[in-house]
Structure formats: C-alpha cells, structure tokens
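Structure, as structure tokens:
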Amino acid sequence: MGDAWSKLSSAFLAIAVFFALILIVFFIAGRIRGRLQTPLAGIIFLGPAVILLIMGLVVPAIRTIGDSLYNASGKEFIGMANYSWVFETQTDVLVNTLLWIVIAPVASTALGLTLALLLDRMKRESISKSLIFMPMAISFVGASIIWSLVYEYRDPSQQQVGLLSQIVMWLGVQDPPNWILWSPFNNYLLMVIMVWIQVGFAMVVLSAAIKAIPSEVVEAAELDGATGWKLFSRVTIPMIRSTLTVVLITIMIAVLKIFDIVRTMTNGNFGTQVVANEMYAQAFVQFDVGRGSALAVVLFVAVVPLIIYNVWQLRKERAIR
Amino acid sequence: MSVEAHEVIAMPQPAKESIPEAARRKMSSPWASAVVVLITVIWTVPTLGLLITSLRPAADAQNTGWWTWFTSPAVTLSNYGEVLTGGATIPGGITPYFWNSFAIALPAAIFPLILATMAAYALAWIPFKWSTGVFFAIFALQVVPLQMALLPLLQMFNLGWSIGPIPIFPDLNKPGSEQSLLAGTYIPLWIAHTMFALPLAIFLIHNFMAQLPRDVMEAAKVDGASHFLIFRKIVLPLAVPAIASFAIFQFLWVWNDLLVALTFAGGTPDVAPITAYLSNIKGTYGAQLHLITAGAFIAIIVPLIVFFALQRFFVRGLLAGSVKG
C-alpha cells in the first residue's frame, strides 16, 4: 500500500499547492484597492485559463499545421507532400473512416430513437435506461475487451468461447470465421462496439426531446386521427428534428476522434485502419512528425464543419423555443 | 467517458404530464415493453460475459464458453489475485496503474474546474472591452481535436519552449541528461488534461454564471466587496451543483482516456493509468482471457460505481450541458 499512498499523496499535494497558490494570490490582490482592482481581478481570474489555452491548444494547433509541411524529423520543408501521401496512398484508411462516420452514427441514432419512443410508452423505464446507458461510463478500451470476448475465435471442432461464433453455430453455420481477421466485415463488427456505447447517449437525449414535445400538440394530432406511424412521422420527428441532427453529428465527431477501439482490437490491421489510429501510429510508433501532423490536420478539417453545423442547429433550436 | 462532442444540448423542462398522457402511459403497450426488455438484455449480456469469464478458472475460461458456467459453475478469485499483483503469465500487476489512474484523474478534474470557474466568472461579471470576443474564442477552441495539440505539447514538455530568448515553458532537463525532470511524474498529464478540458468547462460554467441574480451581485459591489470576496463568498457556494456535475464528467473522462495517457505517460507503472495498461496487455496477452477480463473489470468498476451512484448528476449534466469530446 506504500505505493498507493505515495501516488495518492502526490496528487493531494498538487491539489493542496494549487489551492494554496490561488488563495494567496486572492488574498494579496484583494488588498489592493482603487482603480487597479478591477483590471487586476480580471487578469487573475481569466489569466491562468487564457495562458493555458494559448500554450495548450492555440500554439500547438498552429505548430501542428506547420509541422505537417515538413518531413518526418521536422527538419526539411516538403510542402504538401504529406497530404499527397494521405490522399493518394491512404485511400483505404480514408474510405474506412468514411464508412465509420456514416454507419455508426446513423445506427446509433436510429436505435436510440427507437428506444426513446418505446420507452416513452413504458411505465418503469429507468432500469432499462440505466443499463443501456451504462456502456458510456466505461472506457473504450474496456468496451473493446468486452467485445473481443464476444468475437473470440475457436476452431469449429473445439468448444466455442466467443458468443458470436456460438450463436452463429446454433443457427446452423458450421464454420464460423475468425471474426476480427475477416475483412471487410470486421469493420462493421468494430462499429458495433461504438454503437453499443453510443446508443445510450442517443436514447437519453432523444428521450428528453420527445418528452419535451408539448402534450397539446400530440393531443391535437391524435384528435385529428394521427396514430402510430403517422403520429411518429408527421408530428414527433419534425418536432425533434434539430435534436436528431445534433445527436447524429455529435456521434460523428466522436467517431472521427476515437482511436481506442481500433487500436485495442486490431491496431488497424486486417483492413480496419482509421484516420485517428493512423495518426497515432505515424506520430508515436513511426515517429514521423510530418505525416502524423498531416493526419491530425485532416481530422481537424473534417471535424470543424461538423461542429459549426451543430452549433448553428443548436442556435436554431433555441430560437424556436 | 467516451463520448465526444462539445455541443450544448440544452433541453427544456419536460412538460408536466397531462391526464391523457398519464393515462396513455398506464395503458402502455406490452409489446413495446417486451422489445425494450429484449434490447436491454442484449445490451447487458456482453458485460455479463466479461464478469463471468473473469471469475472462472483459467482452463474453463480459455476452452469453454462463459454461458456454460450456468450448467457447471466453478468460481475462482485467483484471476483477480494474479492480475492485481502480477504473476507467472503477466508480470507486473494492475495495482500501480489503478492508483495512477486515481492520482491522474483527481487533480485533472479539480484543476480545470477551478480555473474554468474563475474564468467564467470573469467573463460573466467583470466587464471589460474584449470579454465577448475572448469568450467566443474560448468557445471556438472546442473544435480543436486533441490530436492537433499532442505532438507540439509533448515537445514542449520535453524540450521546453521559448520565443527567442524568452523561455515560455522552461526546458527542465535533469542535470547532465537529455531527460526532462517532468518525465516519470504526473505533471505533464495534469497540465495536458487541464488544458484540454478548459474550453468546454468554461463554456458550461459560463452558462451557469450568466444566470446568477444580478441584484445580489450589484448589492455586493455597492457594499464595496472586491471581486475576490464576491467570488469566494457568493459565487462559489452557488456554483457547487454545476461544478459537481462537471467534476464527475471530467473525472470519468480522464479515468477512461487513452490518448493523452499514451502520449504523455508512455506505459510505465510509475505514471501510466489503467487504460494504457489494459490496452497493452490486450495486445500482448490477448489469449489469456481469464486475466484480461479480470483486468478489464477492475478498470471499469470505478466508472461503474460512479455512474450508478451518481446517475442523476450524470444525466442532468448530459442534458443541461454537453457531452465531452
């Protein structure tokens, strides 16, 4: 336990020092009266955050863009060569990533919507909601290990250990493949893990949106004879449209950035590589700063329009209300 | 936490149930319930499989499906024992990494929180010329993915960073060696996590700050209280629920993070968190099902406890704020 103690105590020490510093600064600055007080307060309150943001996000982002124009060691300027490399030789990675950002968000949102609608009609929904949401609390790595057990392969002559192989055999298939190695289907199996995690998020957000539809609107529609599917498509969906979009795009952004699943399950092999993992591989395994940076910029460029669109949607939604 | 998005999903309060609505719920469709129950079961089964496998003897776990455990139950805690302290198969236990995760996540939840609350207060209540611009710039920084900042930040920690002759971040070399003094400490991790958490944190807490009652703030100023006093005595106590929600999210986010951990902590037991350890043993010892499932369960037990105990905060934070990226 000595190890635990020393580790935790260094954490607590850091926290204590942090608070002490802040309190000291507050105390000293609080004593200064007069015209200087407000600007000083402004600097003290805002300064640390702004400095950290500049050092931690702004400057590194600019440097990364710069680094992407240099070679692997960062010494030689090579212009757009890294980007040519990305778009000419890494097309399978790009295509894969595209598949991911289309299929995983759509599947998660659709399933989340279905669950939200069904849960709306249930009496005791909170247990189901908890359990379906639970995968969001565990790490991607943990989720990957959970699902690697499901996808585990054994020779058909042996007893099966992976749930998927077993189910497939019970359904009559004699010779289930080694799922993780089976390209291109393995990509979709990895997406299943993402969907498993994200459905809870979609479900909770859409459930709140559905419950927020004013009951008068629903009653009026029901009085007009709209039930079941008609109610769903003519009333429910339009009223939650912007929430649907926000959920969809939020998951898309997550899918773009997450490399944990691919790294843990296949490390990008067997045709499963995506941009986020390739960036990590180039930067930290191949030590190619130029290519790693170029991939990061590609990610950045892909994410920015999504976020802008999302923010625009949210403002529209707020304006409606 | 594994979701990614910095959008505010501000939900209006759910409309109070009218009588027809309540009636509709009571006459709920059993068909709908059945489908939901089925999906819930499907959702829980994989995790159940993990748990059961981790409790089975090695031979059982490697050679038979976990579902056969129900017909021939055999339970052992030795997998957990071996994973915790290390053993013949996987040298080096998970325990140091477990404590690393705590030691990283606790400060990494608190630091951004406090700094963000201070910044949010300033942006909301200390009027100055560029406050809107600064706020918008901070909000916009949410678009920058972690990947854009990692390499230069790593360089900064290892080699320092100066503009011309001015050292912005000192080059903290151990005397006589290439290695930075920071290597093998948690400090780069704390700083990195704090930096990355700030844009979203400031945005969320600012939402809250802006809604504080103006008259209370004005009254305090008229009484001659300094901003520091107002912050400490009035704002902070009021902000506790908002801060608590964010703190929980941030703790889980850092606990579950892999990218920052791998970048700044490598894989050594002195600083690497549990996610890095898991990711590495899955690669090398993936066949030792009984052990990696036990390791995985140890890694997820803390988030699970936090999640189930603090669900209300979780969901409220999710809906009233946004999901971390």
Using a simple spin-label model with points 7 Å from Cα along the Cα→Cβ vector, what separation in nm is obtained for residue B:67 and residue B:130? 6.3
Within 10 Å, count the other beta carbons around each residue, average over each peptide in A:74-82, A:287-295, and list them highest first. A:287-295, A:74-82
GNM on chain A, Cα springs under 10 Å; top mean-square fluctuation among A:28, A:132, A:307 goes to A:28
Cα centroids of segment A:150-178 and segment A:20-69: how far apart, whole angstrom? 58
Enter the Cα centre distance for the pair segment B:282-298 and segment A:70-92, rounded to the nearest angstrom. 37
Long-range amide H partners of residue B:168 with built H, under 5 Å: B:161, B:162, B:163
At 222 nm, what value in deg cm²/dmol follows for the protein assembly as shown if DSSP H runs of at least 4 each add -39500 (n - 2.57) and the sum is divided by all its residues, to the nearest 500? -21500 deg cm²/dmol
For segment A:1-108, what relative contact order do you get, as a whole percent, if you take Cα pairs closer than 8 Å and at least 6 residues apart? 9
Of A:211/A:316; A:123/A:257; A:7/B:282; A:230/A:316; A:257/B:282, which sit over 27 Å apart, Cα to Cα? A:123/A:257
For peptide A:297-306, what's the mean number of Cβ atoms from other chains within 10 Å of each residue's Cβ? 3
In whole Hz, what ³J(HN,Hα) sequence does segment A:42-53 give by Karplus (6.51, -1.76, 1.60; θ = phi - 60°), x for Gly and Pro? x, 5, 5, 6, 8, x, x, 4, 5, 4, 4, 5
Estimated FRET transfer efficiency when R0 is 22 angstrom, pair residue B:232-residue B:309 (beta carbons, to 0.05): 0.15
Counting partner chain Cβ atoms within 10 Å of every residue's Cβ in B:111-119, what's the average? 5
Which of A:54, A:117, A:139 sits closest to the plus end of the dipole of chain A, meaning its Cα is farthest towards the positive end, when Lys and Arg get +1 and Asp and Glu get -1 on the C-beta? A:54
How much length would be gained if the chain were fully extended between residue A:54 and residue A:87, taking 0.36 nm per residue of separation minus their Cα-Cα distance, in nm to one decimal? 8.8 nm
Ranked B:194, A:91, criterion: other C-beta atoms within 10 Å, fewest first: A:91, B:194
Setting aside same-chain residues fewer than 8 positions from residue B:233, which aspartates and glutamates have a Cα under 20 Å from its Cα? B:215, B:218, B:223
Using a 10 Å cut-off on Cβ to Cβ distances, tally the other chain neighbours for every residue of A:34-46 and report the average as a whole number. 5
From the Cα centre of segment B:214-241 to that of segment B:117-170, the distance in Å is 26
Efficiency by 1/(1 + (r/R0)^6): what FRET value for residue A:237 and residue A:37, r their Cβ-Cβ distance, R0 = 51 Å, to the nearest 0.05? 0.40
So, with points 7 Å from each Cα along the Cβ direction, the residue A:285-residue B:74 label distance in nm works out to 3.7
Protection proxy ranking of B:182-193, A:205-216 - average other beta-carbon atoms within 10 Å, highest first: B:182-193, A:205-216
Among B:54-63, B:279-288, what's the highest-first ranking by average C-beta atoms within 10 angstrom per residue? B:54-63, B:279-288
With a 10 Å cut-off between alpha carbons and a GNM built on chain A, which of A:137, A:72, A:20 moves the most? A:20
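Since every read-out is calculated from the coordinates, none of them should be taken as a lab result. Since we're looking at a predicted model, the values are computed, not measured. FYI the Cβ positions are ideal-geometry reconstructions off the backbone, even for glycines, and counts take in every protein chain you see.
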